[in-house]
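Here's the structure we're looking at; comments come further down.
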Amino acid sequence: MKRSFRNADFERLAAFWNECAPEKYAIDGEQLRLNTVDSPVFDWGASCIEDADGEILGFVSIKKSAASLYKGQDQDVAHLSAIAYCEPQYGLDLMTEVKMLLANRGFTRLQFGQDSRHFFPGCPIDHPSLCSFLTVEGFSEGGEVVDLERDLSDYKNLYPIPEGDEMRPLEEKDVPALIEFFDREFPARWKYDTMTKLGIEGPRCVFGLFHGDRIDGFALIQDSTNKAPIGGAVWHVSMGANWGALGAIGVAKELRGRGSGHALLGSALECLRDRGVGPCIIDWTGLVDFYGKHGFVPTRRYKAMSLALERGSA
């Protein structure tokens, strides 16, 4: 029997997920709730849970396009945010209905992951059964990105702060300057994600590059005290105690190439270290060499996968 996510037992669903996925992709029930029904683009009509006699057989989480939240998103693209099943046949059954429903609504493409409040930036390469399942379903492959990690216990920033730059965590009084910075430099997803996160956690989750009262760079930073982990921090269960996360991070165009980016990254990492962070993750990036200079190494690899949808087909 298929049912909606209303009144779902997220602890049970997370335990089911954890039985199906590799250990490094383990989650808890609250993270599953945050990344599904708590998202403003969660698709209640397309997402469902399949069970029989109280036993979970599978579930699928679909998100709508984030075009209503920030610029640059195709409103005709839906997202397969998560899928878990005990046997491939139940996954196939779930996907048959999802594909038909979305196509008949007018969606033209189904993207695995990359949704607002995502779990996955692509299909994890070290989850071969999922990759094979998506391939059988007709998904085509794209480029690869990685998550990177290192322990910050002994981290030391080796990059000097350029003259005139000031690095520090944000305070409440800095929020208007942060909004101005985003409108000037990163007006789409990074603005939305960071300002939403700031509204939940407060300004200490943003580390800034300042010139006087003006902000010219930012880094989103997270630690185990956070209420709503996002990005790579969704994998905090596998990272253990005192976890941390960094990203997104960016500097103003006119500062690029003068060392401000490395200085901002190093200063933000030292801030996390001083907050007691040990294992730290940077997610969804191709800049392995850039972050590698700070001791980060790839721990998860993903490949983009998407499916063209045609009305009336399954």
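The values are calculated or read from the model by the stated rules, or taken from the named source; none is laboratory data. Quick caveat, the model's predicted, so the values are computed rather than measured. In this analysis, Cβ positions are derived from the backbone assuming ideal geometry, glycine residues included, and neighbour counts consider all displayed protein chains. Note: areas computed on protein heavy atoms with side chains; ligands, DNA, RNA excluded. Shrake-Rupley method; radii C 1.70, N 1.55, O 1.52, S 1.80 Å.
Subtracting the Cα-Cα distance of R105 and S132 from their residue separation scaled by 0.36 nm leaves 7.0 nm. The gain in end-to-end length when the D289 to R6 segment is fully stretched comes to 97.5 nm, 0.36 nm per residue minus the alpha carbon separation.
Applied to region 178-193, the Karplus parametrisation 6.51 cos²θ - 1.76 cosθ + 1.60 on θ = phi - 60° returns per-residue 3J(HN,Hα) values of 5, 4, 4, 4, 4, 4, 7, 10, 9, x, 9, 4, 4, 5, 4, 4 Hz, with x for Gly and Pro.
Helical content alone sets the calculated 222 nm signal of the chain at -9000 deg cm²/dmol, taking -39,500 (n - 2.57) per DSSP H segment of four or more residues and averaging over every residue. Using a probe of 1.4 angstrom and keeping all protein chains present, the accessible surface of region 1-119 works out to 42 square angstrom per residue. With contacts defined as alpha carbon pairs under 8 Å and 6 or more residues apart, what's the relative contact order of the chain in percent? About 23 percent, as a whole number. For region 78-161, the list of GluC sites (Glu not before Pro) that fall in a loop by DSSP and count at most 14 other C-beta atoms within 10 angstrom is empty. Ranking F210, S129, G45 by how far each Cα lies toward the positive end of the dipole of the chain (charges on Cβ) leaves F210 at the top. Karplus-based coupling profile of region 237-254, in residue order and whole Hz: 4, 6, 7, x, 5, 6, 6, x, 8, 9, x, 6, 8, x, 10, 4, 3, 6, with θ = phi - 60° in 6.51 cos²θ - 1.76 cosθ + 1.60 and x standing for Gly or Pro. Bridges between two residues of the chain, per DSSP, are antiparallel at a rate of about 90%. Fraction of C-alpha pairs exceeding 26 angstrom in region 1-141: 16 percent, rounded to a whole number.
Here the dipole of region 1-84 is about 380 debye; that uses its Cα centre as origin and unit charges on the Cβ of Lys and Arg (positive) and Asp and Glu (negative). Electrostatic tally near E166: other residues with Cβ closer than 14 Å to its Cβ, Lys and Arg +1, Asp and Glu -1, net -4. Within region 20-82, the trypsin sites (Lys or Arg not before Pro) that combine a DSSP coil assignment with at most 13 other C-beta atoms in a 10 angstrom radius are K71.
Each of the peptides 109-117, 192-200 was scored by the mean count of other Cβ atoms within 10 Å over its residues; in descending order, highest first, they stand as 109-117, 192-200.
A full extension of the chain between E172 and Y159 corresponds to an added length of 1.9 nm, given 0.36 nm per residue minus the alpha carbon distance.
Expressed as a whole percent, the accessible surface of the chain that belongs to carbon and sulfur atoms is 50, based on a 1.4 Å probe. Placing +1 on the Cβ of every Lys and Arg and -1 on the Cβ of every Asp and Glu, with nothing else charged, gives the chain a dipole about its Cα centre of roughly 600 debye.
Past 18 Å, Cα to Cα, is the threshold; run K24/K191; K63/K227; K197/K293; K71/K191 against it and keep the listed order. As for pairs spanning more than 18 Å Cα to Cα, those are K24/K191; K63/K227; K197/K293.
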